[in-house]
Amino acid sequence: MSRLFRIAIDGPGASGKSTTAKLLATKLGFGYIDSGAMFRAITLKCQQQNIDLKDQEKVKQIAQSAKINFPSLSQVELDGKDVSELIRNSSITRNISHIASNTSVREILANQQRAMAKGDIPGANSTGFEHHGKVVKGVVMDGRDIGTVILPDAELKVFIEADVKIRAKRRFDELKNKGSLGDDTLQDVEQDLEARDLADRTRKIAPLLKAKDAIVLDTSALTIEQQVEKIQDMVYERL
Ligand code: CDP
Ligand code: CDP
């Protein structure tokens, strides 16, 4: 018999959620679901089809028709095409709030995210690890509403935080290293992050919120390895 261990990671932009989640998933043999990538993919598909992002009905139809897959830890496919890089464009990031506040989109993606976590539809295959003679399989999902709305009964919930200046510097360095910074200054990146955090925290539906039973992890002064180790310890404590 194997059991399913679900880890919900939420927090503001560039706090280190996806980096931590991917490494954690690799170490534990768990699946990984990047819920933010799904909202990004819907935004991309709307932009590609010149859909007005405020047109609730048209956006809903796009979300219904979009086929999103995660072939590997770092890859995102939209309708059979690799969009892993495209979805990180600044035009997606700046416009995503319209999609994230669309009730129908959230409902469609929530159903897919829950089904992926259960293994009903492919997305997050897990080989798991052995613990006291039993195989523990699981999934790590990161986003904004995972611990509150998507997996409210997750076995472990972590809310990752970091000082906004540190988050902005991390995102700035990341974009610079990838060559996708464009003309943006560190100040632009910080302003964008703050605007998106505010939209995420204040939207009516599924806002960015720490679940009551989530453990807060401030990563401002932590290395990536330390972040991963701390959450890994939390998993072992819960087992
Ligand atoms: O990587 P970063 O934290 O900057 O963003 P992301 O995780 O890719 O998410 C992009 C945007 O999608 C967020 O700012 C939210 O507006 C939205 N999102 C959401 O509403 N709910 C989620 N579970 C995940 C993302
Ligand atoms: O998923 P989220 O938007 O919360 O953040 P991320 O994409 O995982 O991390 C943003 C950037 O911060 C990445 O380039 C990470 O390598 C970097 N970083 C980190 O996550 N943790 C640290 N302690 C230091 C840097």
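Listing for the model above:
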read-out: Filtered residues of the range 181-194 (kept if touching a residue at least 24 places away in the same chain (Cβ under 8 Å) and within 13 Å of ligand 1 (Cβ to nearest atom)); value: Glu190, Asp192, Leu193, Glu194
read-out: Residues (farther than 17 Å from Ala124 by Cβ, away from ligand 2 (no atom under 16 Å from the Cβ) and buried (at least 21 other Cβ atoms within 10 Å of the Cβ)) located in the range 1-44; value: Ile42, Leu44
read-out: Single match in Val158, Val139, Val135, Val216 (criterion: touching a residue at least 60 places away in the same chain (Cβ under 8 Å) and away from ligand 1 (no atom under 16 Å from the Cβ)); value: Val135
read-out: Residues of the range 90-112 satisfying the condition of being among the polar types (S, T, N, Q), at pLDDT 90 or above and within 16 Å of ligand 2 (Cβ to nearest atom); value: Thr93, Ser97
read-out: Count of residues meeting criterion [of a type in the set (A, V, I, L, M), out of contact with any Ser or Thr (no Cβ under 6 Å at 6 or more places or on another chain), on the phi < 0 side of the Ramachandran plot and touching a residue at least 24 places away in the same chain (Cβ under 8 Å)] in the range 196-208; value: 1
read-out: Enumeration of residues in the range 11-52 that are closer than 13 Å to Ile224 by Cβ and basic (Lys, Arg); value: Lys17, Lys22, Lys27
read-out: Any hit, the range 139-162, residues being under 23 Å from Thr93 (Cβ atoms) and hydroxyl-bearing (Ser, Thr, Tyr); value: yes
read-out: 2 or more residues more than 16 Å from ligand 2 (Cβ to nearest atom), surrounded by fewer than 23 Cβ atoms within 10 Å (Cβ to Cβ) and among the aliphatic types (A, V, I, L, M): qualifying strands (runs of 3 or more DSSP E) within the range 115-180; value: 134-143
read-out: Residue match in the range 122-140 (condition: closer than 16 Å to Lys17 by Cα and not hydrophobic (A, V, I, L, M, F, W, C)); value: no
read-out: Within the range 196-209, tally of residues that are assigned to a helix (DSSP H, G or I), surrounded by 13 or more Cβ atoms within 10 Å (Cβ to Cβ) and more than 14 Å from ligand 2 (Cβ to nearest atom); value: 2
read-out: Residues located in the range 113-131, provided they are away from ligand 1 (no atom under 16 Å from the Cβ), modelled with pLDDT of 90 or more and out of contact with any helix residue (DSSP H, G or I) (no Cβ under 9 Å at 6 or more places or on another chain); value: Glu130
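The values are calculated or read from the model by the stated rules, or taken from the named source; none is laboratory data. Here the structure is a predicted model, which is why all the values come from computation and not from measurement. Ideal geometry is used to build each Cβ from the backbone, glycine not excepted, and the neighbour counts take in all protein chains shown.
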